[in-house]
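Please read the structure below before turning to the comments.
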């Protein structure tokens, strides 16, 4: 799977919002100060969120792929200021909602409680993104007609978290070599290679 | 000979310059090959060739904001990627200006874009060389298919082009290596297209400069599909893998990186070039080199830029401008529209290896009896693949999602994208902008180029025909698209110093000689009189080899 296809698939999985699709056209400068603070406890929280989305099974999960560290690098280096703000504010919202739902913070929740929280956020994010896309539809058309780039508002923060988890896990060493099949030098090509249900996908 | 004197100077070390250096040195000339950027050594210079995704800080997924700021042109499309960032020119060191939006993606280093090219290799057909004459756009090519056909063979045999022989007038066969294979879905779709369109449309393997057999000192393709990082096996054609070692082997080549050629030195009494002047990119000093002949292969716009800066005491608009055509008739291939869908029934088949080419659908519009509301035509490139699973509406997160994503999807997907011919319009032009200078104080180019009615009409067919063909082949959920196209994105800049039959309306004659300086040859994309719809690099190879042969025979006759 090439990079474009990977991005497209993850975009569909995370609600049809292509984060970064617009970056080729925009050029916003990331301010030095966009409220970015990744403390050890932030990284631990991100690891656990990632692990809830992609858990260890017969193979390691997102935590083993150091997903928190990956998110930190991507958010710091690649995100626009607006995306950075959505991401950081979102982590606070997530804790607030978690406290309301389970009367304790995310780190203190059981795996099942974490799972239930993220499933509810998934629904919230879908509604949020649908509404956002609908609201921006007209502006988007106008920009397209004027051949101008269009940069919409960031999607729901949960969409960012899930997307970063999937991006990071399936491009990590464990994701590519243990959960997927990795073959850096195939040496030959077979366009009708036998496949039976359960065989793993190639990593690239 | 003095230190600064050579038989020939070649400007630029990309596909065309590499060929010029090889041909001229093999014919015994002492050649100076000038490259404006740094050297990249074969194999050891390909620093990212064997890295896996996790070894890149951002996994090659998304450019950083710093990269977006540093690369205002490159950021407009896929080339802005950390994996190959050092194989593109630094936009801010060498800016350009735009009257209309133009994406200019450049490779300023030894090998140029021969390292990052798409490797698709096709011959122009007999109609391509007659098109301008027949429909009145541009000027007539001074050559015909028969003139260049033997040189295509010559280029194919050395470069190593894999492809299938199809016997089609519209896409002439060549001297190919054994073809790579269509995958099982492509074979099925190809069969159905042939049947449905009664043999008037074809889906074939994309012909490409990837080896399917060992060739000279190069290893055959290992199906990694990481070509654009540089291939440690020499599995695809590049200056480094092919032409440069051949030229070096003769003992006749001097390669000088960091040499920005600023002008051709011109003797107005003899009406000939005497050499070139360069700005050394490192010490910023000016040096002169002398030679009997000069080959400009600096990429289409930069070859023209050198001409615009040359002999301005005689022609204010530069050497070759007496025709009024220097800098005009800019062309590219317009693309980014097509269709894709999914294919059911092949869930017991998968892929092994990553084939570095796709499928090709040769042009079928405006040939034989077909007649559209526009002229010329387009071809499609694409392919079928089986991606990873995603049919997981009920598994939003957790182990089920992980399992679904770690297996291939049940269905395959297939897509084809059109690449269309752009007409040579006189008012599509590049000019010198002396108000803006680059990091070396040299004036930059201004782009004033757009696609017009003919291209917009063609794009409608490019979308609709793609959809029709896929649907006729049983592909499901077919959706057509037009992502929008900005001129230059094809990275096939052509024209600006076109070949022609008359010095009054062309810059070069039928042997790629500048009419106003017969010992100056231009053999890169600048020389193109029309664009065809096929990828142009193989034609530059053939054109360069042909011109080099002519140049040396003229030199021997004392005509240059």
Exactly one of B:376, B:355, B:365, B:386 is over 25 Å from the mean Cα position of the chain (by Cα) and either more than 10 Å from chain A (Cβ to nearest Cβ) or crowded, with 21+ Cβ neighbours inside 10 Å (or both), and that one is B:386
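Condition check ((1) in a loop (DSSP other than H, G, I, E, B); (2) touching a strand residue (DSSP E or B) at 6+ places or on another chain (Cβ under 7 Å)) across all residues:
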position: B:222; (1), (2): yes, no
position: B:225; (1), (2): yes, no
position: B:228; (1), (2): no, no
position: B:232; (1), (2): yes, no
position: B:241; (1), (2): no, yes
position: B:244; (1), (2): no, no
Report, by residue number, each residue of segment B:464-479 that is within 23 Å of residue A:141 (Cβ to Cβ) and either more than 29 Å from the chain's Cα centre (by Cα) or surrounded by fewer than 18 Cβ atoms within 10 Å (Cβ to Cβ) (or both).
B:464, B:479
Restricted to segment B:278-307 and to residues being part of a helix (DSSP H, G or I) and touching a helix residue (DSSP H, G or I) at 6+ places or on another chain (Cβ under 7 Å), the residue surrounded by the fewest Cβ atoms within 10 Å (Cβ to Cβ) is B:300
Picking from B:95, B:79, the residue that is at pLDDT below 95 and under 24 Å from the mean Cα position of the chain (by Cα) would be B:79
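Each row is one residue, and each column tells you yes or no for (1) at pLDDT 95 or above; (2) under 23 Å from residue B:273 (Cα atoms).
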| residue | (1), (2) |
| --- | --- |
| B:3 | no, yes |
| B:21 | yes, yes |
| B:37 | yes, no |
| B:47 | yes, no |
| B:59 | yes, no |
| B:65 | yes, no |
| B:84 | yes, no |
Any chance segment A:62-75 includes a residue that's in contact (Cβ under 8 Å) with a residue 40 or more places away in the chain and over 18 Å from residue A:169 (Cα atoms)?
no
Restricting to segment A:181-200, and then to whatever is closer than 23 Å to residue B:50 by Cβ and within 7 Å of another protein chain (Cβ to nearest Cβ), can you tell me which residue is surrounded by the fewest Cβ atoms within 10 Å (Cβ to Cβ)?
A:188
With respect to residue B:450, is the statement that it is at pLDDT 95 or above and within 30 Å of residue B:414 (Cβ to Cβ) true?
no
When (1) surrounded by fewer than 24 Cβ atoms within 10 Å (Cβ to Cβ); (2) touching a strand residue (DSSP E or B) at 6+ places or on another chain (Cβ under 8 Å) are applied to residue B:557, the one that fails is (2)
Looking at segment B:115-122, is at least one residue farther than 30 Å from residue A:187 by Cβ and either under 22 Å from the mean Cα position of the chain (by Cα) or crowded, with 20+ Cβ neighbours inside 10 Å (or both)?
no
Filter pass, residue B:427 being under 22 Å from the mean Cα position of the chain (by Cα), at pLDDT 95 or above and surrounded by fewer than 20 Cβ atoms within 10 Å (Cβ to Cβ):
no
Yes or no: segment A:144-156 includes at least one residue that is surrounded by 17 or more Cβ atoms within 10 Å (Cβ to Cβ) and facing chain B (nearest Cβ under 8 Å).
no
Options B:275, B:251: the member that is outside any strand (DSSP E or B), out of contact with any helix residue (DSSP H, G or I) (no Cβ under 7 Å at 6 or more places or on another chain) and under 15 Å from residue B:31 (Cα atoms):
B:251
Can you tell me which condition residue A:108 does not meet? The list is (1) more than 23 Å from residue A:172 (Cα to Cα); (2) surrounded by 14 or more Cβ atoms within 10 Å (Cβ to Cβ), and all the others hold.
(2)
Out of segment A:159-180, which residues are facing chain B (nearest Cβ under 8 Å) and more than 17 Å from residue A:69 (Cβ to Cβ)?
A:162, A:179, A:180
Somewhere in segment B:5-19, is a residue surrounded by fewer than 24 Cβ atoms within 10 Å (Cβ to Cβ) and part of a loop (DSSP other than H, G, I, E, B)?
no
Take residue B:474 and tell me if it is outside any strand (DSSP E or B), within 28 Å of residue B:459 (Cβ to Cβ) and in contact with a strand residue (DSSP E or B) (Cβ under 9 Å, 6 or more places away or on another chain).
yes
Can you name every residue in segment B:177-191 that is over 13 Å from residue B:359 (Cβ atoms) and surrounded by 19 or more Cβ atoms within 10 Å (Cβ to Cβ)?
B:177
Regarding segment A:93-102, can at least one residue be identified that is in contact (Cβ under 8 Å) with a residue 12 or more places away in the chain and within 13 Å of chain B (Cβ to nearest Cβ)?
no
Some residue of segment B:390-400 being away from chain A (no Cβ under 14 Å) and either modelled with pLDDT under 95 or in contact with a helix residue (DSSP H, G or I) (Cβ under 9 Å, 6 or more places away or on another chain) (or both):
no
Could you please find all residues in segment B:89-113 being in contact with a helix residue (DSSP H, G or I) (Cβ under 9 Å, 6 or more places away or on another chain) and within 14 Å of chain A (Cβ to nearest Cβ)?
B:91, B:92, B:101, B:103, B:105
Suppose we filter segment B:330-352 for residues that are away from chain A (no Cβ under 14 Å), buried (at least 18 other Cβ atoms within 10 Å of the Cβ) and assigned to a loop (DSSP other than H, G, I, E, B); how many remain?
2
Restricting attention to segment A:53-76, and to residues there that are at the interface with chain B (Cβ under 7 Å from one of its Cβ atoms) and either surrounded by 24 or more Cβ atoms within 10 Å (Cβ to Cβ) or under 15 Å from the mean Cα position of the chain (by Cα) (or both), which single residue is nearest to residue B:406 (Cα to Cα)?
A:54
Any chance segment B:192-210 includes a residue that's within 21 Å of the chain's Cα centre (by Cα), farther than 19 Å from residue B:363 by Cβ and surrounded by fewer than 17 Cβ atoms within 10 Å (Cβ to Cβ)?
no
With the structure loaded, tell me whether residue B:139 is under 22 Å from residue B:425 (Cα atoms), surrounded by fewer than 22 Cβ atoms within 10 Å (Cβ to Cβ) and more than 14 Å from chain A (Cβ to nearest Cβ) or whether it fails that test.
no
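The values are calculated or read from the model by the stated rules, or taken from the named source; none is laboratory data. Since we're looking at a predicted model, the values are computed, not measured. Methodologically, a virtual Cβ is constructed for each residue, glycine included, from the backbone with ideal geometry; neighbour enumeration extends over all protein chains shown.
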